[in-house]
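Everything on this sheet refers to the single structure shown next.
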Amino acid sequence: MRFLKYAAAATLMATAPLAAAQQLSVATGGTGGTYYPYGGGLAEMIGKHIEGYDAVAEVTGASVENMGLVWRGDSDLALALADTVYQAYNGTGDFEGRQLENIRALASIYPNAVQIVTLADSGIESLSDLEGKTVSVGAPGSGTEVNAQTLLEANGITYDDFDPRRLNFNETADAIRDGDIDAGFWSVGPPTSSIMNLATTRDIRLVGLTDEEVAKAKQAEPVFAAYTLKAGLYEGMDEAVQSIGIPNVLAVSSEMDEELAYQITKVLFEYTDELIAIHPAANDTTVEFSVESTPIAFHPGALRYYEEVGAEIADHQRP
């Protein structure tokens with residue numbers, strides 16, 4: 001009888017399912033941008049290469065919202081623009097009076113480009129031409145709106161000078177196509193699907209910035225850098241267009257387990273080819289870009305990886 005009891009217990013143990021993997025949430029953005037496919041690729045890599053963990057990409061309002069999600073513990077990882085991350089970490093800008101002290105970086109992963117899109121026959125050829133027009137400045141709580149507002153105000157244009165609409169990427173593309181708005185801002189890793197789809201149905205123009213406009217933007221926001229949108233990026237785009245770029249940061253809470261943070265950082269840089277196959281923005285996901293671009297402190301687990309590979313870490317990147 002005792003043997004049968006033990007045998008039954010052994011059978012139960014042998015047939016019992018393995019413990020469920022711990023689920024991680026990756027806060028991204030709208031489906032028409034780069035965050036969502038990039039975050040989905042990262043989630044796949046976590047489930048594939050880190051034992052005991054699965055991950056899922058969540059659709060969100062992007063950068064500003066994502067900082068709150070990580071701070072509250074509602075998301076484990078988040079993609080956000082460097083200026084938004086910097087403001088959250090320091091309690092400035094949109095985060096005036098509510099410093100999110102537990103925000104840490106795993107990496108800067110690729111640069112966004114501010115892309116101002118209009119129809120080719122709209123007559124809008126410069127930043128100043130947006131005055132008096134109806135313009136989408138990005139979804140509420142998005143890094144796109146933060147970037148758009150900073151760029152415009154640095155060049156003497158406020159929301160009082162045009163009719164602002166707060167639409168996500170897909171909504172902005174649809175509204176331009178249907179003639180409901182005159183132009184829209186995207187701050188996203190190029191190329192992005194919503195602009196690509198718009199360019200297949202309408203002749204579009206990307207509005208370039210002058211050297212002076214770029215310089216004023218950089219003075220207002222030090223994480224901005226000059227960025228060239230290459231000719232041929234979108235259908236009908238025959239010439240290169242000057243704009244500004246902003247790094248994107250993969251952020252976590254300081255409370256994330258150090259070993260997990262180390263493993264995610266390692267997977268990010270050692271299986272980058274898997275991300276590039278999902279979105280070309282990952283071509284810029286390198287250790288060099290990360291340590292050159294990250295404006296806040298790295299998580300200790302990420303620091304351990306960078307030190308292992310011999311990267312030079314700046315003082316402001318150490319907790």
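The values are calculated or read from the model by the stated rules, or taken from the named source; none is laboratory data. Since this is a predicted model, take the numbers as computed values, not measurements. Heads up, the Cβs are rebuilt from the backbone with ideal geometry, glycines too, and the neighbour counts pull from every protein chain shown.
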| If you check Asp74, Asp163, which single one turns out to be in the same structural domain as Gly236 (by TED's automatic domain parsing) and either of a type outside the set (Phe, Trp, Tyr) or more than 17 Å from Thr28 (Cα to Cα) (or both)? | Asp163
| query | Restricting attention to segment 165-185, and to residues there that are assigned to a helix (DSSP H, G or I) and of a type in the set (Gly, Ala, Ser), which single residue is surrounded by the fewest Cβ atoms within 10 Å (Cβ to Cβ)? | reply | Ala175
| Out of Glu312, Glu235, which single residue is surrounded by fewer than 13 Cβ atoms within 10 Å (Cβ to Cβ) and among the acidic types (Asp, Glu)? | Glu312
| query | If we scan segment 102-116, do we find a residue that is assigned to a loop (DSSP other than H, G, I, E, B) and either in the same structural domain as Val241 (by TED's automatic domain parsing) or at pLDDT below 95 (or both)? | reply | no
| query | So is Glu221 closer than 22 Å to Tyr110 by Cα and either among the polar types (S, T, N, Q) or modelled with pLDDT under 95 (or both) or not? | reply | yes
| query | Looking only at segment 234-265, which residues are free of Cβ contacts under 8 Å to residues at least 24 places away in the same chain and under 19 Å from Asp284 (Cβ atoms)? | reply | Ala240
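Here's the yes/no breakdown for (1) polar (S, T, N, Q); (2) in a loop (DSSP other than H, G, I, E, B); (3) more than 15 Å from Ala107 (Cα to Cα):
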residue	(1), (2), (3)
Gly30	no, yes, yes
Gly33	no, yes, yes
Gly39	no, no, no
Val64	no, no, yes
| Ala139 under 24 Å from Leu303 (Cβ atoms) and either in contact (Cβ under 8 Å) with a residue 40 or more places away in the chain or not in a loop (DSSP other than H, G, I, E, B) (or both) | no
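Which residues, counting only those in segment 148-164, are farther than 25 Å from Glu235 by Cα and assigned to a helix (DSSP H, G or I)? Spell out the reasoning first.
First pass over segment 148-164, keeping only residues farther than 25 Å from Glu235 by Cα: 149-164.
Correct list: Gln149, Thr150, Leu151, Leu152, Glu153, Ala154, Tyr159, Asp160, Asp161.
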